[in-house]
Protein chains: 2
Amino acid sequence: MALVVQKFGGSSVADAESIKRVARRVVETRTAGNDVVVVVSAMGDTTDDLLDLAARVTDEPPARELDILLTAGERISMALLAMAINELGVKARSYTGQQAGLRTDTRYGRASIVGVVPERINRAVGDGQVAIVAGFQGVNELNDVTTLGRGGSDTTAVALAAALHADVCEIYTDVDGLFTADPRIVPSARQISRITYEETLELAAQGAKILHLRAVEYARRYGVPLHVRSSFSTKEGTWVTDTTVGDQEEEAMEAPIISGVAHDRSQGKITVVGVPDVPGIAARLFEIVAAADANIDMIVQNVSSQATGLTDISFTLPESDGPATLRAIEAAADDLQYAEVRYDDQIGKLSLIGAGMRSHPGVSAQLFGALSAAGINIEMISTSEIRISVVTRAEDLDVAVRAVHTAFDLDTEESEAVVYGGTGR
Amino acid sequence: MALVVQKFGGSSVADAESIKRVARRVVETRTAGNDVVVVVSAMGDTTDDLLDLAARVTDEPPARELDILLTAGERISMALLAMAINELGVKARSYTGQQAGLRTDTRYGRASIVGVVPERINRAVGDGQVAIVAGFQGVNELNDVTTLGRGGSDTTAVALAAALHADVCEIYTDVDGLFTADPRIVPSARQISRITYEETLELAAQGAKILHLRAVEYARRYGVPLHVRSSFSTKEGTWVTDTTVGDQEEEAMEAPIISGVAHDRSQGKITVVGVPDVPGIAARLFEIVAAADANIDMIVQNVSSQATGLTDISFTLPESDGPATLRAIEAAADDLQYAEVRYDDQIGKLSLIGAGMRSHPGVSAQLFGALSAAGINIEMISTSEIRISVVTRAEDLDVAVRAVHTAFDLDTEESEAVVYGGTGR
C-alpha cells in the first residue's frame, strides 16, 4: 500500500467522458490498495475561454481578479471528478488550493509556493477518501486566491507529494513518457525508462514540453519520485528520480551515457557587431537586455580583432522577447558604441543531454563529428556538465536531431530492456 | 453619501456586454458619492450549464461537490465585473462568499446564513474600493463552500446590507419594480411605489416571482430597506420597507388598502373523500403528507355529514409534490379508511394582498362580489390578516385577476402620485 499523487492535465479532463475515464483510472489505483490524492487542471479550453471573456471586458485585467477568474476552471473540474469517482462507489472529495493548504506569496499570476499545510488532505486520506485537489492555485497571506503560472498544476502535484511524503507523483499526459527525441521528428525515438532530475531539467529547459521545469526542480529539491505516463494506457512510463540506477546492481553498469536529444525552434539570435572590446561594455549590454526582461540563453563572444580592438557578441533569447530587446539595444546605440545589431529568428537549437557524459570524454567530438558528417554548420556552442547545445539554421534542425540520435545509438533497433533494464519500480 | 448594496442577477450579467453595462451603473452610483457593495449572480446560463455537466457525470452528485461546482459561476462573474469597473477607472475588488464573511450552516445546496463577518468588505469600502461579492454562496464551519439555494443571491445582498448597516439594498431586475398584478395578465397593472415587508412576503409567497421570500424575510428581520428596480433604467422602482408611510404626513392618509393581486398557477389540489370524522384521522393524514415532503398551502375540511359521520378534506400543494403525495396517501388507504382520493392540477389561486385590509372590513365581501359578478366559481378560501386567497378553475384565473384588479381600483387610470404619493426616498 502506497500513497500515490496523480496529476491529470486539461486534455485528460476535457469533457464529461474524459472525466469518467480519469475517474476509472483513479478508482483502479485506489482499489489496488493505494491511498490516492489527485491533482487536476481546468477542463480542456476552460482557461482560454475565461481569458477570452476577460479580454472582452478589459485590456488590462487586474492580476488579482484574473487569478480569481481563472481558478474557477479547476474548481469545476475537481468537483466533477469527485462526483465521477463517487459514482463508481469510491469515496472522493474535492479541495481548493486554499483548502488543501497550498500557501503562496502574493505575486498574482505567477505565485510561488511558500508552504503546504495539507491537514485536510491527510485527514481525507486517513478517512479512506480519495482527495481531489485543484491544481495551479493557492492562497496568499491575505486569504486571496493566487495562481502559480505556467506548469502550475504539475508543481501543485509535486508540492503536495512532498508535503504528504507520497511514494510517487504520477504525471499523466497524452504520451507514454519522455523520449530520447521528439518522435514526430525522430520516428525511431525510444521511450526513456529512467532519467535523473538533472537530465530532465535540461530536457525541459531545452524544449521538451512534457514536464515543467519548475515541477522537476521542486521534485529534485524534495526527492519526490516522478512517474510520467500516459493516461490512455497502463504501461510504465518514465521514472524521474535522483539516479538512473535501478534495484539491480547490474543495471547500473548499463546506465546510458546519453539520455536524449532535445530541440528548440522558439529562439532567436541577436548579434551586436563591432563592440569596443573594453571592460564594462559587455556588462552594460546585458544590463540593457535584462532591463528589457529578456530571458537570455546562450552567449558567445568572439575573440576580438587585435587590429580594430572590436568584438562581436551574440546571444539567443525567446523569439517573443526579440523585438523589444532589439529596440532596447538600438536605443542604447550611443552608450554601447557598436557598429551594427542584427536579429535572426531562423535558428534552431539542438541539445544532447546525459548525466553519463560527465565521465565520458569525447562526447562533444562525437557530436560535432555527427553534425559535420550530416553537412550541418554549427553557429554557436554552449555546454554544461550534462548537456551540449549547438545552434544551427532552423531548416537544418530536424536532420541534425536525427543524425545525432543515430550517432549516439539512441534509435529503437536496440531493445530498451538491454540498455535500461528493469520496469521502473 | 450613503452605503448602497446593489444586487444584479444572472440576466443582468449574461455576457461581456451586460457586465460592462452593469459596471457603468455601479460607477454612476459610486461617482455620485456613494459607497457601493455589489452582489452578483452567475452569468446567464452558467449554473444550468454546470448542472448539465454534473448530470453527464453522475445521476446523484454529492451535495458538497455540487456546491463547489456551482459556486464557480459567481466567481467568474464577480471577477469579470471587478475588471470591468477597474477598466472605467474606479477601484474594485471581488470577494468570494468565504472572503466576504458569509458564514453558513453545513446544509449543502440550501445552507442558511448563520453569521456575516464582513471585515474585508468594510476595509475595502473604507479604502474607497467598490467591493464585488459572489452571491448565493458562503462557507461553513468546516471551511467548505456552501450554496444558499433558491433566492440565494438576493439573500446574500440583504444579509450583507444588514451586516454593513447599508442605507439601502437595491435589487436590480428586468422589470421596473413590483406591480399591483402581473402586467402580462393585467395590462393596466400599476407599479407599486411603496409596500411593506409583510405584503411583499404575501406577494412573493403567492406567486410573484421578482423577490425571493427568504430575502424579504431577512430584510424585515433586520429592517433593511429594499429598492427593487430595473437595471435597464434609472427611474425609481418599488421601495419595500416596514411602512408605506412616506415622509409627508398626508401621504399616510392615502395609504392604499390593497397593494396588489397575486396569482399562482403552479398548485394542485388533493381531495380525500369520505374520511371518518373521528379525532386523529386528519392528523394522521397530514403526518403522511408531511412524510412525503409536500409543502401544503391551503386546507379545507367540509362539515361532516350527520348521517354518515364522514367528511371530505381538500388541500393544495405544489404540482411537483402532487404525484408522490398521492402515492403516499394511496399506500395508507387501510390506515385512513377513506372512500376515495382525487387529484386536480387544473386549479388557479388568486390572492388579494394589502396591509390596509386589517382595518377595513368588507374586503372579503367585495372580493367575492367581484368574482361572482365575473361569473367565477370559488372552490376554496383561506385568509390571513393581510391576505385573502381563493382557488378557482385554472382557466378562469386570468379573468378573475383582471376583475379583482379593477374592482379594487388598482388600474392605472388613477395617477400613482395621488394614491401613493412621493417618489421613494
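The values are calculated or read from the model by the stated rules, or taken from the named source; none is laboratory data. Please read all numbers here as calculations on a predicted model, not as lab measurements. Quick reminder, even Gly has a Cβ in these numbers, built from the backbone with ideal geometry, and neighbours come from all protein chains shown. We work out accessible area using only protein heavy atoms, side chains counted, and drop any ligands, DNA or RNA first. Shrake-Rupley method; radii C 1.70, N 1.55, O 1.52, S 1.80 Å.
Output yes when any residue across segment B:41-57 is away from chain A (no Cβ under 14 Å), in contact with a strand residue (DSSP E or B) (Cβ under 9 Å, 6 or more places away or on another chain) and under 25 Å from A:Thr47 (Cβ atoms), and no when none is. For segment B:41-57, residues away from chain A (no Cβ under 14 Å), in contact with a strand residue (DSSP E or B) (Cβ under 9 Å, 6 or more places away or on another chain) and under 25 Å from A:Thr47 (Cβ atoms): present.
Quick one: is A:Gly322 open to solvent by less than 20 Å² (accessible area, probe 1.4 Å) and assigned to a helix (DSSP H, G or I)? Yes. Does any residue of segment B:355-371 turn out to be in contact with a Lys or Arg (Cβ under 9 Å, 6 or more places away or on another chain) and touching a residue at least 40 places away in the same chain (Cβ under 8 Å)? Yes. The set of residues in segment A:157-177 that are open to solvent by 10 Å² or more (accessible area, probe 1.4 Å), modelled with pLDDT of 90 or more and either under 19 Å from A:Ala355 (Cβ atoms) or of a type in the set (Asp, Glu) (or both) comprises A:Asp167, A:Glu170, A:Asp176. Residue-level analysis places B:Gly135 outside the set of residues that are at positive phi, within 22 Å of the chain's Cα centre (by Cα) and open to solvent by less than 10 Å² (accessible area, probe 1.4 Å).
Inside segment A:25-52, can you point out the residues that are touching a residue at least 60 places away in the same chain (Cβ under 8 Å) and of a type in the set (S, T, N, Q)? Selection gives A:Ser41 alone.
Pairs linking a residue in segment B:394-413 that is among the β-branched types (Val, Ile, Thr) to a residue that is part of a helix (DSSP H, G or I), with Cβ atoms under 6 Å and 6 or more positions apart or on different chains, are B:Val404/B:Ala370. When the criteria are applied in full, A:Val114 meets the requirement of being open to solvent by 10 Å² or more (accessible area, probe 1.4 Å), at pLDDT 95 or above and away from chain B (no Cβ under 13 Å).
Every residue, every condition in (1) touching a helix residue (DSSP H, G or I) at 6+ places or on another chain (Cβ under 9 Å); (2) open to solvent by 80 Å² or more (accessible area, probe 1.4 Å); (3) at pLDDT 85 or above; (4) farther than 25 Å from A:Ala394 by Cα, yes or no:
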| position | (1), (2), (3), (4) |
| --- | --- |
| A:Ile281 | yes, no, no, yes |
| A:Ala291 | yes, yes, yes, yes |
| A:Asn295 | yes, yes, no, no |
| A:Asp334 | no, yes, yes, yes |
| A:Tyr338 | yes, no, yes, yes |
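On the stretch given as segment A:85-95, residues that are open to solvent by less than 10 Å² (accessible area, probe 1.4 Å) and within 7 Å of another protein chain (Cβ to nearest Cβ) total 1. Scan segment A:200-239 for residues that are of a type in the set (D, E, K, R), farther than 14 Å from A:Arg387 by Cβ and under 12 Å from the mean Cα position of the chain (by Cα) and the total you get is 3. When the test is whether a residue is open to solvent by 10 Å² or more (accessible area, probe 1.4 Å) and more than 30 Å from A:Thr58 (Cα to Cα), B:Gly128 does not pass it.
A:Asn140 meets the conditions (1) surrounded by fewer than 22 Cβ atoms within 10 Å (Cβ to Cβ); (2) modelled with pLDDT of 95 or more; (3) within 18 Å of the chain's Cα centre (by Cα) in every case but one. The failed one is (3). Among all residues of segment A:64-80, there is at least one that is over 20 Å from A:Leu160 (Cα atoms), of a type outside the set (A, V, I, L, M) and surrounded by 24 or more Cβ atoms within 10 Å (Cβ to Cβ).
Restricting attention to segment A:372-382, the residues that are touching a strand residue (DSSP E or B) at 6+ places or on another chain (Cβ under 7 Å) and either open to solvent by 70 Å² or more (accessible area, probe 1.4 Å) or modelled with pLDDT of 95 or more (or both) add up to 2.
Every test in (1) open to solvent by 40 Å² or more (accessible area, probe 1.4 Å); (2) in a helix (DSSP H, G or I) is passed by A:Glu60 save one, and that test is (2).
Screening the candidates A:Arg220, A:Arg214 for the property of being without any contact (Cβ under 8 Å) to a residue 40 or more places away in the chain, among the basic types (Lys, Arg) and surrounded by fewer than 23 Cβ atoms within 10 Å (Cβ to Cβ) yields one hit, A:Arg220. Which one is farthest from B:Ala55 (Cα to Cα) among residues in segment A:58-84 that are among the hydroxyl-bearing types (Ser, Thr, Tyr) and more than 7 Å from chain B (Cβ to nearest Cβ)? The qualifying residue farthest from B:Ala55 (Cα to Cα) is A:Thr71.
Any residue in segment B:179-197 that is within 20 Å of B:Ile386 (Cα to Cα) and open to solvent by 40 Å² or more (accessible area, probe 1.4 Å) sitting within a Cβ distance under 8 Å of a residue that is at pLDDT below 95 and not in a loop (DSSP other than H, G, I, E, B)? List the pairs, counting only those 6 or more apart or interchain. Qualifying pairs under 8 Å: B:Phe179/B:Gln191; B:Phe179/B:Gly260. Within the option set B:Gly33, B:Gly44, being out of contact with any Gly (no Cβ under 7 Å at 6 or more places or on another chain), in a loop (DSSP other than H, G, I, E, B) and over 18 Å from B:His227 (Cα atoms) holds for one residue only, B:Gly33. Does A:Val261 meet the test of being more than 30 Å from A:Val240 (Cβ to Cβ) and among the hydrophobic types (A, V, I, L, M, F, W, C)? The answer is no for A:Val261. Say whether the condition of being farther than 16 Å from A:Arg327 by Cα and without any contact (Cβ under 8 Å) to a residue 24 or more places away in the chain is met by at least one residue in segment A:260-275. No, segment A:260-275 contains no residue that is farther than 16 Å from A:Arg327 by Cα and without any contact (Cβ under 8 Å) to a residue 24 or more places away in the chain. Can you tell me how many residues within segment A:349-367 are surrounded by fewer than 16 Cβ atoms within 10 Å (Cβ to Cβ) and either touching an Asp or Glu at 6+ places or on another chain (Cβ under 7 Å) or closer than 16 Å to A:Met298 by Cβ (or both)? The total comes to 2.
Restricting attention to segment B:298-309, the residues that are outside any strand (DSSP E or B) and modelled with pLDDT of 85 or more add up to 1. Here B:Asn122 does not qualify as farther than 30 Å from A:Val13 by Cβ, within 9 Å of another protein chain (Cβ to nearest Cβ) and either crowded, with 22+ Cβ neighbours inside 10 Å or modelled with pLDDT of 95 or more (or both).
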